[in-house]
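Notes follow the structure.
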Amino acid sequence: MRHKILLVDDEEANVRLLRRVLSDEYDTVEALNGQEALKVLKEHEDISLIITDQRMPGMTGVQLLKESLAIRPDAIRILLTGYTDVQALIDAINSGHVYKYVPKPWDRDELKLTVKRALEAYDLKQRNTQLVVELTGALSQLEEVSLGTIRALADALDAKCDYTSGHSLRVSQYALLIGKTIGLTNEELRDLELGAVLHDIGKIGVPESILWKPAKLTPEETQIMSEHPVKSAQIIGDLPSLQKAKRFVLHHHEFMDGSGYPSKLAGEDIPLGARILLVADAYDAMTSDRPYRKAIGHERAMAELKKCAGRQFDPKLVEALAGVLGEGAEPNPHELPPSYLGMSLASIDPKQTGRQFLREAERLARQGTDSSPSEGEKISQAVPQS
Ligand SMILES: [Fe+2]
């Protein structure tokens, strides 16, 4: 593509000379003063380069170049000036919008080389702008795809077990409350929320007979169930914006004493987000009905968390949750940190959540699939089996 150059000089002979030197390789348009040049600029949207004389009646070259910015901000600007125009040179350089000044009288080959370099700079700038636009578009597309994928995954799990959707949302609320209390940044809260919503997504591969079993799991079933953090992480995959959340998900069953899974990490080696998820997950599991036992209530749940703090849970996170939930009142939606995913507990009907799974659990119990857990088992399983 041939570049278009605007040539401006109040002496027609000079314009002609410039045209003769440049028109072999470039298209040229011309003007004999500043006002006319601005008009030409508006008419030709594809001008890449402006070459103007400094000394012109009415509007100087520097003034013209300055005003041309509003019309063609991307164009490259060259000023032709005599050695005596020191002030013009200083102005031109200070204004920062002049690519180069060429002293008069100019040398033909030197001018051609200057124009060539100027247009290379123009092309590079254009390419950069285009790349930034493409990159920004690709990134926002990726982000959109990620969020769309997360919602699709959450919906898929919801379809399989309506109990879990309410659980993941509540876990994300509790996790956000803990995170906010310990001073996490908005970006960290966002990753935490993503992790919370996705932490159990790997359960999509666990058979319903295990998921909804109204009794203690056998060792084999426990083994299948305990694979879900790894499966959750696998499902999240390589989406760049989910990598931090993925680490939280993978390690959300690691215990402080190193007896958890899948990596047997201990203490602060467990990512903070994963430690938060564990506390939020356990609290919600204990304060809501599960196939193998009824909810045990806020007070007993907090007592259980405190009893297991240090061994299983990070004590400062248990403290944070206890502090923020107080006497166990439902978190006030207005006090909750903003949800990155735009999901809130208000979007689920607590009376509906879990109905499908309770019905199924009852059906399985009626069939006598397994014996119901003893009272002792129920309490020892205050902390979730998965
Ligand atoms: Fe889990």
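The values are calculated or read from the model by the stated rules, or taken from the named source; none is laboratory data. The shown structure was predicted, so the numbers you read here are calculated from the model rather than taken from an experiment. So basically every Cβ, Gly included, is an ideal-geometry build from the backbone, and we count neighbours across all protein chains shown.
Among the residues of the range 234-275, those that are more than 13 Å from the ligand (Cβ to nearest atom), at pLDDT 95 or above, of a type in the set (A, V, I, L, M) and touching a helix residue (DSSP H, G or I) at 6+ places or on another chain (Cβ under 9 Å) comprise MET256, LEU265, ILE270, LEU272.
Here is a list of conditions, (1) more than 20 Å from THR222 (Cβ to Cβ); (2) in a helix (DSSP H, G or I), and ALA285 meets all of them except one; can you say which number that is? Unmet for ALA285, out of (1) more than 20 Å from THR222 (Cβ to Cβ); (2) in a helix (DSSP H, G or I): (1). Within the range 187-243, if we keep just the residues that are assigned to a helix (DSSP H, G or I) and hydroxyl-bearing (Ser, Thr, Tyr), the residue that is nearest to SER172 (Cα to Cα) turns out to be SER232. Highlighted here are the helices (runs of 4 or more DSSP H) found entirely within the range 8-81 that include at least 3 residues which are of a type outside the set (Asp, Glu) and either closer than 20 Å to GLN126 by Cα or in contact with a Pro (Cβ under 6 Å, 6 or more places away or on another chain) (or both): 61-71.
Given the options ILE204, ILE224, name the one that is free of Cβ contacts under 8 Å to residues at least 60 places away in the same chain, of a type outside the set (Ser, Thr, Tyr) and more than 21 Å from SER288 (Cβ to Cβ). One residue alone meets the criteria, ILE224.
Counting only residues that are β-branched (Val, Ile, Thr) and within 15 Å of the ligand (Cβ to nearest atom), how many does the range 177-214 have? Let's see the steps before the verdict.
Kept after step one, since they are β-branched (Val, Ile, Thr), are these residues of the range 177-214: 178, 181-182, 185, 197, 201, 204, 206, 210.
Pick out the ones that are also within 15 Å of the ligand (Cβ to nearest atom) and you get 197, 201, 204, 206, 210.
Summing the residues that are β-branched (Val, Ile, Thr) and within 15 Å of the ligand (Cβ to nearest atom) in the range 177-214 gives 5.
Report whether or not ILE178 is surrounded by fewer than 18 Cβ atoms within 10 Å (Cβ to Cβ), within 30 Å of ALA320 (Cα to Cα) and at pLDDT 90 or above. Considered against the rule, which asks whether it is surrounded by fewer than 18 Cβ atoms within 10 Å (Cβ to Cβ), within 30 Å of ALA320 (Cα to Cα) and at pLDDT 90 or above, ILE178 comes out as no.
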